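Asker: Quick one: structure below, then a few questions.
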Amino acid sequence: MQALIIAIMVTISRSKAALIGALAKRTGVNIETIRYYERAGLLPSPPRSDGGHRLYDDEHFRRLNFIRRGRGMGFSLHNIRALLALADDGKTDCCAEAKKITLRHLDNVRAKLTYLTILERALKSMTDACHPDDQSSCPVFDSLNAIASDELNEARSQTRDMGSQTCHMACPQMADFVAKDGHE
């Protein structure tokens, strides 16, 4: 009799479960990204159906939504992992540590904004100096061939010190410029 009750409970819980496609649609997270989060240990592996399909429940949805919102705010996976560990811990004093993580991230965001402001000025200066019909050389090419300015180098060096979060998160087209020397 007890085995029958357990089988019924498993059937009921599986009927509430969603397949990966439904979870992806519900959260707006790509299927491959969901699988990556599972491999990375951010999202627990769900139970599987008799046919081998992943069966996600409301806790998977909640956790994946947390990760998605964290990534949307620019938190690194490392920081999201730390925040999830704090949330999973359930201790009431974890808020102070969450605040520390968030303040460090805020400092990184401010440094990126400083860098992007300097970069904006440099790009504006290059384009303002460009008068295609009136010059023998192109200021854009001249600037790109020249050694970077001290101000831009300093800002770039500050973004390197930010850990895994670099400006290319906020400005993907600048990834090559920012991520020199293989830095991420």
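The values are calculated or read from the model by the stated rules, or taken from the named source; none is laboratory data. Note that the structure is predicted; figures quoted are calculated from it, not measured. A quick note on method: Cβ atoms are made from the backbone with ideal geometry, for glycine too, and the neighbour counts reach across all protein chains shown.
Asker: Can you tell me how many residues within the stretch 39-77 are within 16 Å of the chain's Cα centre (by Cα), surrounded by 14 or more Cβ atoms within 10 Å (Cβ to Cβ) and touching a residue at least 12 places away in the same chain (Cβ under 8 Å)?
Answerer: Result for the stretch 39-77: 13.
Asker: What about Ser164, is it modelled with pLDDT under 85 and either in contact with a strand residue (DSSP E or B) (Cβ under 9 Å, 6 or more places away or on another chain) or surrounded by 14 or more Cβ atoms within 10 Å (Cβ to Cβ) (or both)?
Answerer: Values: modelled with pLDDT under 85: yes; either in contact with a strand residue (DSSP E or B) (Cβ under 9 Å, 6 or more places away or on another chain) or surrounded by 14 or more Cβ atoms within 10 Å (Cβ to Cβ) (or both): no.
No: the conditions fail for Ser164.
Asker: Next question. Report whether or not Leu83 is in a helix (DSSP H, G or I), farther than 25 Å from Lys112 by Cβ and not assigned by TED's automatic domain parsing to the domain that holds Lys112. Step through it out loud before you land on a result.
Answerer: Numbers: in a helix (DSSP H, G or I): yes; farther than 25 Å from Lys112 by Cβ: no; not assigned by TED's automatic domain parsing to the domain that holds Lys112: yes.
No: the conditions fail for Leu83.
Asker: Okay, moving on. Show the residue pairs meeting these rules: Cβ distance below 8 Å; 6+ apart or different chains; first residue within the stretch 130-149 and more than 27 Å from Tyr115 (Cα to Cα); second residue assigned to a loop (DSSP other than H, G, I, E, B) and modelled with pLDDT of 85 or more.
Answerer: These pairs meet every condition: Pro132/Cys138.
Asker: Something else: Which of the residues belonging to the stretch 45-80 are modelled with pLDDT under 95 and small (Gly, Ala, Ser)?
Answerer: Selection gives Ser45, Ser49, Gly51, Gly52.
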